[in-house]
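A quick write-up on the structure given underneath.
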Amino acid sequence: MKALACRLYGEYDLRLEEMDLAPAGEDAVIVELVSNSVCMSDYKAVSLATKHKRVPKDIATNPVMVGHEVCGVVVEVGTKWRDRFHVGQHVGVQPAFNIPGHELETMGYAWHTMGGDTTHIRVPSIVIEMGCLLPYDGDAFFKCSLAEPVSCIVSAFRTSYHNEFNSHVHQMGIKQGGAMLLMAGCGAMGLAAVDIACHSPENRPRRLVVTDIDDGRLFRAAEIFGLAYADGKAQGDVNGVDVHFVNTKDMADPVAQLKALNLSDEDRKDNPTATGGGYDDVFLFAAVPALITQCSDLMGFGGCLNFFAGPIDQKMSATFNFYNVHYMGHHCVGSSGGDVKDMVDSIDWAAKGWLHPEVMVTHVGGLDSAVETTCTLPKVPGGKRLIYTHVKMPMTPIAEFRRLGETDPFYAELDRICTANRGLWCKEAEDYLLAHAPKLEIPTA
(Lines give C-alpha, C1' and ligand atoms only; values in the text may rest on other atoms or scores of the structure.)
Protein backbone atom coordinates (compact mmCIF):
# COMPACT_ATOMS: atom_id res chain seq x y z
CA MET A 1 0.00 0.00 0.00
CA LYS A 2 1.18 3.53 -0.80
CA ALA A 3 0.97 6.33 1.76
CA LEU A 4 1.96 10.00 1.93
CA ALA A 5 3.76 10.65 5.19
CA CYS A 6 5.78 13.34 6.95
CA ARG A 7 9.05 11.67 7.91
CA LEU A 8 11.90 13.02 10.02
CA TYR A 9 15.51 12.72 8.79
CA GLY A 10 17.27 15.26 11.03
CA GLU A 11 16.91 18.64 12.75
CA TYR A 12 14.17 20.53 10.85
CA ASP A 13 14.55 17.97 8.04
CA LEU A 14 10.93 16.90 7.78
CA ARG A 15 9.71 15.65 4.41
CA LEU A 16 6.28 14.86 3.01
CA GLU A 17 6.93 11.90 0.76
CA GLU A 18 5.54 8.72 -0.67
CA MET A 19 6.26 5.48 1.19
CA ASP A 20 5.23 1.83 1.13
CA LEU A 21 3.25 0.12 3.89
CA ALA A 22 3.06 -3.65 4.13
CA PRO A 23 -0.43 -5.19 4.17
CA ALA A 24 -2.10 -6.14 7.45
CA GLY A 25 -1.19 -9.77 7.04
CA GLU A 26 -2.16 -11.98 9.96
CA ASP A 27 -1.66 -9.72 12.97
CA ALA A 28 -1.73 -6.01 11.98
CA VAL A 29 -4.45 -3.43 11.27
CA ILE A 30 -4.30 -0.79 8.52
CA VAL A 31 -5.96 2.53 9.37
CA GLU A 32 -6.68 5.31 6.90
CA LEU A 33 -6.22 8.49 8.90
CA VAL A 34 -8.65 11.38 8.55
CA SER A 35 -7.39 13.91 11.09
CA ASN A 36 -4.35 14.75 13.19
CA SER A 37 -3.66 17.72 15.42
CA VAL A 38 -0.19 19.19 15.78
CA CYS A 39 1.44 19.17 19.21
CA MET A 40 4.30 21.26 20.56
CA SER A 41 5.94 17.90 21.22
CA ASP A 42 6.08 17.43 17.44
CA TYR A 43 8.08 20.63 17.18
CA LYS A 44 10.43 19.47 19.91
CA ALA A 45 11.04 16.22 18.02
CA VAL A 46 11.65 18.07 14.74
CA SER A 47 13.88 20.77 16.25
CA LEU A 48 15.97 18.40 18.41
CA ALA A 49 15.85 15.29 16.20
CA THR A 50 18.41 12.78 17.50
CA LYS A 51 19.11 15.01 20.52
CA HIS A 52 15.59 14.18 21.71
CA LYS A 53 15.58 11.19 24.06
CA ARG A 54 12.65 9.60 22.22
CA VAL A 55 14.03 9.91 18.67
CA PRO A 56 16.28 7.10 17.33
CA LYS A 57 19.85 7.86 16.30
CA ASP A 58 19.55 6.39 12.80
CA ILE A 59 16.79 8.59 11.34
CA ALA A 60 19.06 9.94 8.60
CA THR A 61 18.82 6.54 6.90
CA ASN A 62 15.74 5.13 8.65
CA PRO A 63 13.31 8.07 9.03
CA VAL A 64 10.39 8.04 11.48
CA MET A 65 6.84 9.31 11.06
CA VAL A 66 5.85 12.48 12.93
CA GLY A 67 2.54 13.21 14.68
CA HIS A 68 0.51 11.34 17.27
CA GLU A 69 -2.97 12.92 17.73
CA VAL A 70 -4.98 10.88 15.27
CA CYS A 71 -8.35 9.56 14.22
CA GLY A 72 -9.14 7.37 11.26
CA VAL A 73 -11.04 4.49 9.72
CA VAL A 74 -9.99 0.83 9.70
CA VAL A 75 -9.48 -0.35 6.11
CA GLU A 76 -7.79 -3.73 6.62
CA VAL A 77 -7.77 -6.17 9.55
CA GLY A 78 -5.39 -9.09 10.09
CA THR A 79 -7.03 -12.43 10.86
CA LYS A 80 -5.81 -12.32 14.47
CA TRP A 81 -7.89 -9.24 15.25
CA ARG A 82 -11.12 -9.78 13.34
CA ASP A 83 -13.03 -10.44 16.55
CA ARG A 84 -12.10 -6.95 17.83
CA PHE A 85 -11.91 -4.67 14.79
CA HIS A 86 -13.73 -4.41 11.49
CA VAL A 87 -13.39 -2.49 8.24
CA GLY A 88 -15.14 0.88 8.47
CA GLN A 89 -14.67 1.19 12.23
CA HIS A 90 -13.51 4.58 13.56
CA VAL A 91 -10.47 4.43 15.85
CA GLY A 92 -7.98 6.57 17.73
CA VAL A 93 -4.53 5.68 19.06
CA GLN A 94 -2.95 6.08 22.48
CA PRO A 95 0.59 7.03 21.33
CA ALA A 96 2.43 6.11 24.55
CA PHE A 97 2.48 2.36 24.04
CA ASN A 98 4.55 1.64 27.19
CA ILE A 99 5.91 -1.57 25.72
CA PRO A 100 8.09 -3.13 28.47
CA GLY A 101 11.71 -2.31 27.80
CA HIS A 102 10.75 0.15 25.04
CA GLU A 103 8.86 2.81 27.00
CA LEU A 104 10.46 5.73 25.13
CA GLU A 105 9.50 4.36 21.72
CA THR A 106 6.44 6.55 21.29
CA MET A 107 4.32 7.09 18.18
CA GLY A 108 5.37 10.29 16.45
CA TYR A 109 8.99 9.95 17.57
CA ALA A 110 10.30 6.45 17.01
CA TRP A 111 7.95 4.50 14.74
CA HIS A 112 8.36 3.92 11.02
CA THR A 113 4.82 2.75 10.17
CA MET A 114 2.81 4.87 12.61
CA GLY A 115 2.49 8.64 12.84
CA GLY A 116 -0.12 11.37 12.65
CA ASP A 117 0.89 13.36 9.58
CA THR A 118 0.24 10.60 7.08
CA THR A 119 -2.59 9.17 5.05
CA HIS A 120 -2.31 5.58 6.35
CA ILE A 121 -0.67 3.73 9.23
CA ARG A 122 0.07 0.08 9.89
CA VAL A 123 -0.69 -0.83 13.51
CA PRO A 124 1.33 -3.91 14.55
CA SER A 125 0.17 -6.58 16.96
CA ILE A 126 2.18 -5.36 19.96
CA VAL A 127 0.42 -1.98 19.90
CA ILE A 128 -2.99 -3.65 19.88
CA GLU A 129 -1.91 -6.04 22.64
CA MET A 130 -1.01 -3.02 24.80
CA GLY A 131 -4.61 -1.76 24.37
CA CYS A 132 -3.56 1.31 22.38
CA LEU A 133 -5.80 1.00 19.30
CA LEU A 134 -9.07 2.43 20.58
CA PRO A 135 -12.58 2.31 19.09
CA TYR A 136 -14.26 5.71 18.74
CA ASP A 137 -18.03 6.20 18.58
CA GLY A 138 -18.19 9.99 18.43
CA ASP A 139 -19.68 12.19 15.74
CA ALA A 140 -16.54 13.98 14.44
CA PHE A 141 -13.02 12.84 13.66
CA PHE A 142 -11.35 15.93 15.10
CA LYS A 143 -12.77 15.27 18.55
CA CYS A 144 -10.98 11.95 18.68
CA SER A 145 -7.72 13.53 17.48
CA LEU A 146 -8.01 16.11 20.22
CA ALA A 147 -8.80 13.42 22.78
CA GLU A 148 -5.05 12.75 22.92
CA PRO A 149 -4.05 16.23 24.15
CA VAL A 150 -7.16 16.24 26.34
CA SER A 151 -5.95 12.96 27.85
CA CYS A 152 -2.70 14.70 28.82
CA ILE A 153 -4.74 17.19 30.87
CA VAL A 154 -6.89 14.41 32.34
CA SER A 155 -3.66 12.65 33.32
CA ALA A 156 -2.31 15.84 34.90
CA PHE A 157 -5.50 16.31 36.92
CA ARG A 158 -5.19 12.72 38.14
CA THR A 159 -1.45 13.03 38.80
CA SER A 160 -1.92 15.93 41.22
CA TYR A 161 -2.46 14.82 44.79
CA HIS A 162 -3.17 15.94 48.33
CA ASN A 163 -2.82 14.40 51.78
CA GLU A 164 -5.62 13.90 54.20
CA PHE A 165 -5.04 16.19 57.18
CA ASN A 166 -2.63 14.58 59.67
CA SER A 167 -2.30 11.54 57.43
CA HIS A 168 0.26 10.05 55.07
CA VAL A 169 -2.45 8.82 52.68
CA HIS A 170 -2.34 10.47 49.26
CA GLN A 171 -5.65 11.54 47.77
CA MET A 172 -4.99 11.40 44.02
CA GLY A 173 -6.45 14.10 41.81
CA ILE A 174 -7.18 17.79 42.17
CA LYS A 175 -8.98 18.78 45.34
CA GLN A 176 -12.73 18.39 45.06
CA GLY A 177 -14.35 21.75 45.78
CA GLY A 178 -10.96 23.44 46.13
CA ALA A 179 -9.38 26.52 44.63
CA MET A 180 -7.48 26.07 41.36
CA LEU A 181 -5.15 28.42 39.51
CA LEU A 182 -4.09 27.99 35.87
CA MET A 183 -1.04 30.16 35.21
CA ALA A 184 -0.52 31.15 31.55
CA GLY A 185 -3.72 29.25 30.94
CA CYS A 186 -5.25 30.73 27.77
CA GLY A 187 -3.33 28.65 25.25
CA ALA A 188 -4.77 25.51 23.70
CA MET A 189 -3.90 23.20 26.59
CA GLY A 190 -4.96 25.76 29.17
CA LEU A 191 -8.39 26.11 27.55
CA ALA A 192 -8.75 22.33 27.59
CA ALA A 193 -7.92 22.45 31.30
CA VAL A 194 -10.62 25.07 31.88
CA ASP A 195 -13.10 22.86 30.04
CA ILE A 196 -12.15 19.79 32.09
CA ALA A 197 -12.16 21.70 35.37
CA CYS A 198 -15.71 22.90 34.68
CA HIS A 199 -17.20 19.80 33.02
CA SER A 200 -15.29 16.74 34.17
CA PRO A 201 -17.37 13.94 35.75
CA GLU A 202 -14.55 13.63 38.30
CA ASN A 203 -13.18 16.19 40.78
CA ARG A 204 -13.95 19.83 40.07
CA PRO A 205 -12.89 23.00 41.91
CA ARG A 206 -15.31 25.49 43.42
CA ARG A 207 -13.20 28.40 42.14
CA LEU A 208 -10.96 28.60 39.07
CA VAL A 209 -8.62 31.49 38.28
CA VAL A 210 -7.00 31.61 34.83
CA THR A 211 -4.19 34.03 33.97
CA ASP A 212 -2.56 35.31 30.81
CA ILE A 213 -0.77 38.48 29.69
CA ASP A 214 -2.57 38.99 26.37
CA ASP A 215 -5.98 40.69 26.21
CA GLY A 216 -6.81 39.03 22.89
CA ARG A 217 -6.31 35.52 24.26
CA LEU A 218 -8.16 36.38 27.44
CA PHE A 219 -11.08 37.89 25.53
CA ARG A 220 -11.41 34.80 23.33
CA ALA A 221 -11.12 32.44 26.30
CA ALA A 222 -13.77 34.27 28.29
CA GLU A 223 -16.09 34.45 25.29
CA ILE A 224 -15.77 30.71 24.65
CA PHE A 225 -16.98 30.01 28.18
CA GLY A 226 -19.78 32.55 28.04
CA LEU A 227 -18.16 35.34 30.07
CA ALA A 228 -17.67 39.03 29.25
CA TYR A 229 -14.05 40.25 29.35
CA ALA A 230 -13.37 43.92 30.07
CA ASP A 231 -10.71 45.96 31.87
CA GLY A 232 -8.37 42.99 32.18
CA LYS A 233 -10.78 40.55 33.78
CA ALA A 234 -13.87 38.39 33.47
CA GLN A 235 -15.82 36.54 36.13
CA GLY A 236 -18.85 34.30 36.21
CA ASP A 237 -20.37 30.90 36.83
CA VAL A 238 -19.47 28.09 34.41
CA ASN A 239 -21.38 24.91 35.22
CA GLY A 240 -21.24 25.63 38.93
CA VAL A 241 -17.59 26.73 39.03
CA ASP A 242 -16.73 30.33 39.94
CA VAL A 243 -14.39 31.20 37.04
CA HIS A 244 -12.11 34.24 36.79
CA PHE A 245 -9.98 35.25 33.79
CA VAL A 246 -7.38 37.87 34.64
CA ASN A 247 -4.53 39.70 32.90
CA THR A 248 -1.41 39.73 35.11
CA LYS A 249 0.81 41.73 32.75
CA ASP A 250 0.66 45.02 34.65
CA MET A 251 0.13 43.67 38.16
CA ALA A 252 2.50 45.29 40.64
CA ASP A 253 2.33 42.25 42.94
CA PRO A 254 0.79 39.32 41.05
CA VAL A 255 1.10 36.92 43.98
CA ALA A 256 -0.85 39.16 46.36
CA GLN A 257 -3.41 40.14 43.74
CA LEU A 258 -4.04 36.57 42.63
CA LYS A 259 -4.41 35.44 46.22
CA ALA A 260 -6.96 38.21 46.71
CA LEU A 261 -9.09 36.63 43.98
CA ASN A 262 -9.36 33.53 46.12
CA LEU A 263 -11.77 35.29 48.44
CA SER A 264 -15.54 35.06 48.41
CA ASP A 265 -17.81 38.00 49.14
CA GLU A 266 -18.53 36.32 52.46
CA ASP A 267 -14.81 36.22 53.24
CA ARG A 268 -14.51 39.94 52.57
CA LYS A 269 -17.62 40.71 54.62
CA ASP A 270 -16.22 38.87 57.62
CA ASN A 271 -12.77 40.40 57.23
CA PRO A 272 -12.59 43.57 55.07
CA THR A 273 -8.77 43.63 55.33
CA ALA A 274 -8.30 39.99 54.26
CA THR A 275 -5.61 39.58 51.59
CA GLY A 276 -6.60 36.16 50.31
CA GLY A 277 -5.40 32.64 50.60
CA GLY A 278 -3.33 30.28 48.54
CA TYR A 279 -4.59 27.77 46.03
CA ASP A 280 -5.04 24.03 46.48
CA ASP A 281 -4.02 23.24 42.90
CA VAL A 282 -1.77 25.36 40.70
CA PHE A 283 -1.07 24.39 37.10
CA LEU A 284 1.68 26.10 35.11
CA PHE A 285 1.43 26.09 31.31
CA ALA A 286 4.59 28.06 30.48
CA ALA A 287 8.17 26.94 31.13
CA VAL A 288 9.22 30.26 32.66
CA PRO A 289 11.41 30.12 35.80
CA ALA A 290 9.96 33.34 37.25
CA LEU A 291 6.46 31.88 37.02
CA ILE A 292 7.58 28.73 38.83
CA THR A 293 8.70 30.91 41.71
CA GLN A 294 5.39 32.78 41.72
CA CYS A 295 3.51 29.47 41.72
CA SER A 296 5.56 28.34 44.69
CA ASP A 297 4.28 31.37 46.61
CA LEU A 298 0.66 31.02 45.44
CA MET A 299 -0.10 27.67 47.02
CA GLY A 300 -2.07 27.25 50.21
CA PHE A 301 -1.58 24.64 52.90
CA GLY A 302 -0.95 21.25 51.26
CA GLY A 303 -0.93 22.90 47.84
CA CYS A 304 0.15 21.00 44.74
CA LEU A 305 1.98 22.60 41.81
CA ASN A 306 1.57 20.70 38.56
CA PHE A 307 4.34 21.75 36.17
CA PHE A 308 2.63 20.95 32.88
CA ALA A 309 4.80 22.94 30.47
CA GLY A 310 7.54 20.71 29.05
CA PRO A 311 10.74 22.76 28.71
CA ILE A 312 13.14 22.51 25.79
CA ASP A 313 16.06 23.58 28.01
CA GLN A 314 17.23 20.35 29.63
CA LYS A 315 18.86 22.27 32.50
CA MET A 316 16.02 24.66 33.31
CA SER A 317 15.73 25.40 37.03
CA ALA A 318 13.97 27.89 39.26
CA THR A 319 13.72 29.07 42.85
CA PHE A 320 11.18 27.15 44.94
CA ASN A 321 10.25 27.97 48.54
CA PHE A 322 11.43 24.98 50.59
CA TYR A 323 10.39 26.60 53.85
CA ASN A 324 6.83 26.09 52.65
CA VAL A 325 7.65 22.58 51.48
CA HIS A 326 8.56 21.78 55.08
CA TYR A 327 5.92 23.72 57.01
CA MET A 328 3.06 24.10 54.53
CA GLY A 329 3.18 20.74 52.80
CA HIS A 330 3.79 22.28 49.37
CA HIS A 331 4.75 19.81 46.66
CA CYS A 332 5.34 19.68 42.92
CA VAL A 333 4.44 17.06 40.33
CA GLY A 334 4.74 16.78 36.57
CA SER A 335 3.36 14.53 33.89
CA SER A 336 4.02 13.98 30.20
CA GLY A 337 1.18 12.44 28.25
CA GLY A 338 -1.49 10.11 29.55
CA ASP A 339 -2.01 6.38 29.85
CA VAL A 340 -4.56 4.14 28.16
CA LYS A 341 -7.28 4.82 30.74
CA ASP A 342 -6.80 8.59 30.38
CA MET A 343 -7.17 8.24 26.61
CA VAL A 344 -10.17 5.89 26.81
CA ASP A 345 -11.96 8.27 29.18
CA SER A 346 -11.10 11.32 27.08
CA ILE A 347 -12.48 9.68 23.94
CA ASP A 348 -15.59 8.61 25.82
CA TRP A 349 -16.21 12.02 27.43
CA ALA A 350 -15.72 13.83 24.11
CA ALA A 351 -18.01 11.37 22.31
CA LYS A 352 -20.70 11.93 24.96
CA GLY A 353 -20.41 15.71 24.64
CA TRP A 354 -19.25 16.22 28.23
CA LEU A 355 -16.04 17.91 27.08
CA HIS A 356 -15.58 20.43 24.28
CA PRO A 357 -12.15 19.91 22.65
CA GLU A 358 -13.04 22.37 19.88
CA VAL A 359 -12.05 25.18 22.27
CA MET A 360 -8.43 24.27 21.49
CA VAL A 361 -8.55 24.68 17.69
CA THR A 362 -7.53 27.96 16.02
CA HIS A 363 -6.13 26.77 12.66
CA VAL A 364 -7.17 24.16 10.08
CA GLY A 365 -5.22 22.83 7.09
CA GLY A 366 -4.32 19.88 4.93
CA LEU A 367 -1.46 17.39 4.99
CA ASP A 368 0.45 19.55 2.50
CA SER A 369 0.75 22.20 5.24
CA ALA A 370 2.10 19.83 7.91
CA VAL A 371 5.84 20.29 7.33
CA GLU A 372 5.83 24.09 7.53
CA THR A 373 3.27 24.12 10.34
CA THR A 374 5.34 21.79 12.51
CA CYS A 375 8.70 23.41 11.84
CA THR A 376 7.42 26.95 12.58
CA LEU A 377 4.93 26.13 15.33
CA PRO A 378 6.32 28.43 18.09
CA LYS A 379 6.62 31.36 15.69
CA VAL A 380 2.94 31.54 14.75
CA PRO A 381 0.50 32.58 17.52
CA GLY A 382 -2.56 30.45 18.09
CA GLY A 383 -3.88 27.24 19.56
CA LYS A 384 -4.20 23.78 18.11
CA ARG A 385 -3.50 23.25 14.41
CA LEU A 386 -5.85 20.65 12.98
CA ILE A 387 -4.73 18.71 9.91
CA TYR A 388 -6.98 16.71 7.61
CA THR A 389 -4.68 14.14 6.08
CA HIS A 390 -6.29 13.68 2.66
CA VAL A 391 -6.90 17.38 2.11
CA LYS A 392 -4.87 19.96 0.20
CA MET A 393 -5.22 23.25 2.07
CA PRO A 394 -2.85 25.83 3.62
CA MET A 395 -2.87 26.03 7.39
CA THR A 396 -5.51 28.71 7.88
CA PRO A 397 -6.66 30.56 11.00
CA ILE A 398 -10.38 30.19 11.63
CA ALA A 399 -10.38 33.94 12.26
CA GLU A 400 -9.29 34.46 8.62
CA PHE A 401 -12.16 32.52 7.06
CA ARG A 402 -14.29 35.66 6.71
CA ARG A 403 -11.66 37.66 4.86
CA LEU A 404 -10.80 34.76 2.59
CA GLY A 405 -14.48 34.18 2.00
CA GLU A 406 -14.81 37.56 0.29
CA THR A 407 -13.26 35.97 -2.81
CA ASP A 408 -13.61 32.22 -2.15
CA PRO A 409 -17.03 30.63 -1.47
CA PHE A 410 -15.35 27.63 0.20
CA TYR A 411 -14.04 29.83 3.02
CA ALA A 412 -17.24 31.87 3.08
CA GLU A 413 -19.22 28.75 3.95
CA LEU A 414 -16.68 27.66 6.57
CA ASP A 415 -16.95 31.13 8.10
CA ARG A 416 -20.75 30.93 8.17
CA ILE A 417 -20.64 27.55 9.91
CA CYS A 418 -18.00 28.52 12.48
CA THR A 419 -19.58 31.91 13.21
CA ALA A 420 -22.83 30.13 14.07
CA ASN A 421 -20.79 28.00 16.49
CA ARG A 422 -19.25 30.90 18.48
CA GLY A 423 -16.25 31.01 16.15
CA LEU A 424 -15.31 27.42 16.94
CA TRP A 425 -14.60 24.44 14.72
CA CYS A 426 -17.36 21.82 14.73
CA LYS A 427 -18.70 18.67 13.08
CA GLU A 428 -20.62 20.64 10.44
CA ALA A 429 -17.43 22.47 9.46
CA GLU A 430 -15.52 19.18 9.32
CA ASP A 431 -18.18 17.56 7.15
CA TYR A 432 -18.18 20.51 4.76
CA LEU A 433 -14.39 20.57 4.50
CA LEU A 434 -14.13 16.83 3.85
CA ALA A 435 -16.78 17.09 1.13
CA HIS A 436 -15.51 20.22 -0.65
CA ALA A 437 -11.78 20.78 0.01
CA PRO A 438 -9.29 19.80 -2.75
CA LYS A 439 -7.87 16.30 -2.23
CA LEU A 440 -4.25 15.21 -2.26
CA GLU A 441 -3.24 12.74 -4.93
CA ILE A 442 -2.08 9.47 -3.37
CA PRO A 443 -0.33 6.95 -5.62
CA THR A 444 -2.07 3.58 -5.74
CA ALA A 445 0.91 1.52 -6.86
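The values are calculated or read from the model by the stated rules, or taken from the named source; none is laboratory data. This is a predicted model, so every value here is computed, not measured. Positions of Cβ are backbone-derived with ideal geometry, glycine not excepted, and every protein chain shown enters the neighbour counts. Accessible surface areas use protein heavy atoms only, side chains included; no ligands, DNA or RNA. Shrake-Rupley method; radii C 1.70, N 1.55, O 1.52, S 1.80 Å.
Please report, as a whole percent, how much of the solvent-accessible surface of the chain comes from carbon and sulfur atoms (probe radius 1.4 Å). Let's see the in-between values first.
Values: 10040 of 19170 Å².
Exposed carbon and sulfur together represent 52 percent of the surface.
Just checking the chain: which Cys have no other cysteine's beta-carbon under 4.7 Å?
CYS6, CYS39, CYS132, CYS152, CYS186, CYS198, CYS295, CYS304, CYS332, CYS375, CYS418, CYS426
Please determine, in degrees from 0 to 90 and to the nearest 10, the orientation of helix 141-159 with respect to the longest principal axis defined by the Cα atoms of the chain, where the helix direction is its Cα long axis.
Here the helix axis deviates by roughly 40 degrees.
Which of the peptides 419-425, 280-286 is most tightly packed, and how do the rest follow, judged by the mean count of other Cβ atoms within 10 Å per residue?
Values: 419-425: 16.3, 280-286: 25.0.
The packing order, highest mean first, is 280-286, 419-425.
Round to the nearest 10 and give me the degree value, 0 to 90, for the angle of helix 427-436's Cα axis relative to the longest principal axis of the chain.
30 degrees
Determine ³J(HN,Hα), in whole Hz, for all residues of region 54-63 in sequence, where each value follows from phi through the Karplus function 6.51 cos²θ - 1.76 cosθ + 1.60 and θ = phi - 60°; x replaces Gly and Pro.
Working through the residues one at a time gives 9, 9, x, 7, 9, 5, 4, 10, 9, x Hz.
Could you work out Rg/(2.2 N^0.38 Å) for the chain, with Rg from alpha carbons only? Write out the running numbers ahead of the final one.
Details: Rg = 22.3 Å, N = 445, 2.2 N^0.38 = 22.3 Å.
Dividing the Cα radius of gyration by 2.2 N^0.38 Å gives 1.00.
With the crude spin-label approximation of a point 7 Å out along Cα→Cβ, what separation in nm comes out for ASN166 versus PHE410?
Using points 7 Å along Cα→Cβ, the separation is 6.8 nm.
Return the long-range amide H neighbours of CYS186 (sequence gap of 5 or more, or a different chain), with a cut-off of under 5 Å between placed amide H atoms.
Result for CYS186 returns nothing.
Ordered by packing density, taken as the mean number of other Cβ atoms within 10 Å over each peptide's residues, highest first, how do 386-393, 168-175 rank?
Details: 386-393: 23.2, 168-175: 14.6.
Top to bottom by mean Cβ count within 10 Å: 386-393, 168-175.
Expressed as a fraction of 2.2 N^0.38 Å, the rule-of-thumb size for a compact globular protein of N residues, what is the C-alpha radius of gyration of region 54-103?
Numbers: Rg = 14.4 Å, N = 50, 2.2 N^0.38 = 9.7 Å.
Dividing the Cα Rg of region 54-103 by 2.2 N^0.38 Å gives 1.48.
What list of ³J(HN,Hα) values in whole Hz, one per residue of region 87-101 in order, does the Karplus curve 6.51 cos²θ - 1.76 cosθ + 1.60 (θ = phi - 60°) give from phi, with Gly and Pro shown as x?
Computed from phi, the couplings for region 87-101 are 4, x, 6, 8, 9, x, 9, 7, x, 8, 6, 6, 5, x, x Hz.
Measuring from label point to label point, each 7 Å out along Cα→Cβ, what is the ILE213 to PHE301 span in nm?
Result: 3.4 nm between the two label points.
List the lysines whose Cα lies under 22 Å from the Cα of LYS53, skipping any in the same chain that are fewer than 8 positions away.
LYS44, LYS315
Ranked from highest to lowest mean number of other Cβ atoms within 10 Å per residue, what is the order of the peptides 231-242, 194-205? Provide the component values of the computation, followed by the final result.
Values: 231-242: 14.4, 194-205: 20.1.
Packing proxy ranking, top to bottom: 194-205, 231-242.
Per the Kirkwood formula on distinct C-alpha pairs, the Rh of region 174-316 is how many angstrom?
Details: mean 1/r = 0.0657 Å⁻¹.
Mean inverse Cα-Cα distance, inverted, gives 15.2 Å.
Whole Å is fine, so just give me how far the alpha carbon centre of region 331-410 lies from that of region 3-64.
Centre-to-centre (Cα) distance: 18 Å.
Simple spin-label model, 7 Å along Cα-to-Cβ: GLU105 to MET130 in nm?
Simple spin-label model gives 0.8 nm for this pair.
If each DSSP helix of 4+ residues adds -39,500 (n - 2.57) and the sum is divided by the residues in the chain, what number results at 222 nm, nearest 500 deg cm²/dmol? Could you put the intermediate results ahead of the total?
Details: 14 runs with 130 residues, N = 445.
The per-residue figure over the chain is -8500 deg cm²/dmol.
Going by amide H atoms built from the backbone, whose H comes under 5 Å of the H on ASP117, apart from near neighbours?
Amide H neighbours of ASP117: CYS6, VAL66, GLY67.
5 Å is the cut-off here: which amide hydrogens, built 1.01 Å from N in the peptide plane, fall below it relative to LEU440, excluding neighbours closer than 5 in sequence?
Those qualifying (amide H under 5 Å, at least 5 residues apart or on another chain) are VAL391, LYS392.
Quick one: helix 188-199 against the long Cα principal axis of the chain, what's the angle to the nearest 10°, folded into 0 to 90?
Approximately 70 degrees, to the nearest ten.
Over the chain, give the accessible area per residue in Å² for a 1.4 Å probe, as an integer. Each step should come with its number before you reach the end.
Numbers: 19170 Å² over 445 residues.
For the chain, the per-residue accessible area is 43 Å².
Which residues does the label zone of LEU434 cover in region 345-389, counting backbone N under 12 Å from a point 7 Å along Cα→Cβ?
Backbone N within reach: 388-389.
From the phi angles alone, apply the Karplus equation (6.51, -1.76, 1.60; θ = phi - 60°) to region 223-235 and give each ³J(HN,Hα) in whole Hz, x where the residue is Gly or Pro.
Each residue of region 223-235 in turn: 4, 4, 9, x, 10, 9, 9, 7, 6, x, 7, 8, 8 Hz.
Just want the answer: with Cβ charges of +1 for Lys and Arg and -1 for Asp and Glu, which residue in GLY365, GLN314, LEU191 is farthest toward the dipole's positive end in the chain?
Result: GLN314.
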